[in-house]
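Since the structure comes first, as structure tokens, the remarks are kept for the end.
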Amino acid sequence: MTTLDDVLQQQKTSNYLVAPEIDGPQIQNLAASATTTTLSVGLYNSTTSSTVYAYITGLAINNSNSVFLLESDGKTAYYPSNPSSNGTALSQNCAIALGAPGTTKTVVIPQIAGGRIWFCVGNTLTFLLNPGSTGPGLVEPSATNTSDLNYSLSWDFCEFTFNSAQLYANITYVDFVCLPIALTLTNSSNTTTHVGGLPSNGLANVCNGLIAQNATDGAGWNQLIVTNNGSNLRALSPTNGIVMNSSLFQNYWTAYVNSCWAQYVSTPLVVDTQATWGTVTGVTSNDRTQLVFSGVGSFTKPSAADIFGANSGAFAAQATNTAELLNIGARIDAALNRSTLLSDANQPDGETASSFYTNSVTNHYSRIVHAANVDGKGYTFPYDDVTPSSGGDQSGFVSDGSPTNLLVTVGGGNAYAKRSIEEPARRMKRSVQWEADVKIPSDLFDEERDLDLEMGEHPKLLGELATAPTQTSSRKLSLPPFLERMLAPYLSKLRTSPFYAQRLRPVIDLINQFLVSFLSLSLRAILSRVFLVAFFLLFYFLGILPREGEVSGESHRRILEAAITAGNGNETLVIQGGGR
């Protein structure tokens, strides 16, 4: 009997989405409804092409997790019927035309699990249907199947989950890099969170980096590049590179893993599970084949496919203590990809992004892709969301319990990194599939903050708790209520546009800061400054004409002295020093 976790894992490995046979525990059962049943999504064309199409797919949470697509009008839900044969075409047009560069197409979606927003530049995508025991199975585009009708097209996707607790979305490079995608999420308080993604030349930068790295170590990084008619089409992740060539990276990690296992023969490896299991300690077995966590389980030496893919061999689910071992394995796998397992015996606490990928043997695909993003963020391997308790997320997500609009930008033509001044503390819990990630608002947890979110039988439970900076009170100007009501529809539309986030918002904040600062001045301070300016103006315009009988310059000095006296706000004037 397949659960939601099972079908989402199948989507990841096989590009095939189907309704589960049974529903696993759902996050919406853990809290009262924090979001509406629908969400407005803006699709912004930041490419140079007028031929850009979007598709939205997933499992409809409030319709028995049925396969869902959004029709081309951006409003109508399409639940395909179970076909009689494999490879059946969709009966409805689900290609959403974005329009000319610089325009936004607004669509509305229901609550969805395993959601993806797809983009294709220059063509439409082909989705097919297969018959299934629980309904139709959706055959999605594949980047590794050369016979797929979409293989030679320029397409990409971002992922999201929208349920009664929140919206969570992320940009992903776990499979490949192709089109730049950015996310901007606005909540009911008009607060925005933003992930900048790649610039318009991001794919070229990634490909150039892979070529340069291969020239350094000859490990085969350049084989991750897929071209079409001499142009870069996409850059595959190492996992998909191995799918295309099983011998790729075959012995790449061997020496590094051997060094790590040897390191922890005498020195214990301490892993903070960031969950109910607390901190656990492991040591290498006497024969140096196993990394053993007493009373819990052990890990064999992982292969390159295990490390890059994080779901096979050493990091596959085990028969006992499954959830805890998956949690520990997630942190070990992240440390291997980032090449910090050998240098840091306390995982993942205390680590910073500057320490990642510094060893010559590391996941250079992740290093290069992170460096190519304007804010350095984005999923580059399945456990890229493992984070020290002190914070420092690298995975490139946006989430909120009260979302009002999600703006998804494709093309990278106006890619920018938003400076974050204040961010609320967040705790993230992860199911066994990284695609189904959800970020839980902190108020859903008890005082000990040890509630575990489980969306199935084998959760990976990747937890993080980012400590928020001290909140400081500030004065903010606001419109009168009647104006706020009158202008609300127009302001809401404006605030969801890229122009507002990039250009208008900084100017408004500057003006607001100036007005608040000016109004905070006392009347005496304002008057003293006005008089000071006025006297200096008099000095400039009238002081240049000395009175009859005065030596040139005395009037300048006299007016200046009077101005200083007025500025001090009292009757005392002390002048030191002799004449001229």
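The values are calculated or read from the model by the stated rules, or taken from the named source; none is laboratory data. Given the structure is predicted, the values throughout are model-derived calculations rather than measurements. Cβ placement follows ideal geometry from the backbone for every residue including glycine, while neighbour counts extend to all protein chains displayed.
Within the range 96-130, track down each residue that is in a strand (DSSP E or B), β-branched (Val, Ile, Thr) and over 20 Å from Gly412 (Cβ atoms).
If the condition is that a residue be in a strand (DSSP E or B), β-branched (Val, Ile, Thr) and over 20 Å from Gly412 (Cβ atoms), then Thr106, Val107, Val108, Ile109, Ile112 are the ones that fit.
Going by the structure shown, is Thr186 of a type outside the set (D, E, K, R) and either under 21 Å from the mean Cα position of the chain (by Cα) or not in a loop (DSSP other than H, G, I, E, B) (or both)? Talk me through it step by step, then tell me what you get.
On the way: of a type outside the set (D, E, K, R): yes; either under 21 Å from the mean Cα position of the chain (by Cα) or not in a loop (DSSP other than H, G, I, E, B) (or both): yes.
Answer is yes for this residue.
Answer yes if at least one residue in the range 203-217 is in contact with a Leu (Cβ under 7 Å, 6 or more places away or on another chain) and not in a helix (DSSP H, G or I), and no otherwise.
Within the range 203-217, none of the residues are in contact with a Leu (Cβ under 7 Å, 6 or more places away or on another chain) and not in a helix (DSSP H, G or I).
Out of everything in the range 385-399 that is of a type in the set (S, T, N, Q) and crowded, with 20+ Cβ neighbours inside 10 Å, what residue ends up being farthest from Pro238 (Cα to Cα)?
Checking each candidate, the answer is Ser399.
Quick one: in the range 370-381, of everything that is under 12 Å from the mean Cα position of the chain (by Cα) and buried (at least 24 other Cβ atoms within 10 Å of the Cβ), which residue is farthest from Leu336 (Cα to Cα)?
Asn373
Condition check ((1) in a loop (DSSP other than H, G, I, E, B); (2) of a type in the set (S, T, N, Q); (3) over 16 Å from Gln166 (Cα atoms)) across all residues:
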{"position": "Val67", "(1), (2), (3)": "no, no, yes"}
{"position": "Asp73", "(1), (2), (3)": "yes, no, yes"}
{"position": "Ser81", "(1), (2), (3)": "yes, yes, yes"}
{"position": "Ser84", "(1), (2), (3)": "yes, yes, yes"}
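Matching residues to (1) surrounded by fewer than 21 Cβ atoms within 10 Å (Cβ to Cβ); (2) touching a residue at least 24 places away in the same chain (Cβ under 8 Å); (3) touching a strand residue (DSSP E or B) at 6+ places or on another chain (Cβ under 9 Å):
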| position | (1), (2), (3) |
| --- | --- |
| Ile332 | no, yes, yes |
| Asn337 | no, yes, no |
| Ala353 | yes, yes, no |
| Ile368 | no, yes, yes |
| Tyr383 | no, yes, no |
| Pro403 | no, yes, yes |
| Val408 | no, yes, yes |
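Within the range 33-61, which residues are within 23 Å of Thr186 (Cβ to Cβ) and not in a strand (DSSP E or B)?
Ser33, Ala34, Thr35, Thr36, Thr37, Ser46, Thr47, Ile61
Would you confirm whether any residue within the range 210-230 is closer than 30 Å to Val374 by Cβ, modelled with pLDDT of 95 or more, of a type in the set (Val, Ile, Thr) and buried (at least 18 other Cβ atoms within 10 Å of the Cβ)?
Checked against the condition, which is being closer than 30 Å to Val374 by Cβ, modelled with pLDDT of 95 or more, of a type in the set (Val, Ile, Thr) and buried (at least 18 other Cβ atoms within 10 Å of the Cβ), the range 210-230 yields at least one hit.
Filter the range 266-284 down to the residues that are modelled with pLDDT of 95 or more and more than 30 Å from the chain's Cα centre (by Cα), then identify the one that is surrounded by the most Cβ atoms within 10 Å (Cβ to Cβ).
The qualifying residue surrounded by the most Cβ atoms within 10 Å (Cβ to Cβ) is Thr284.
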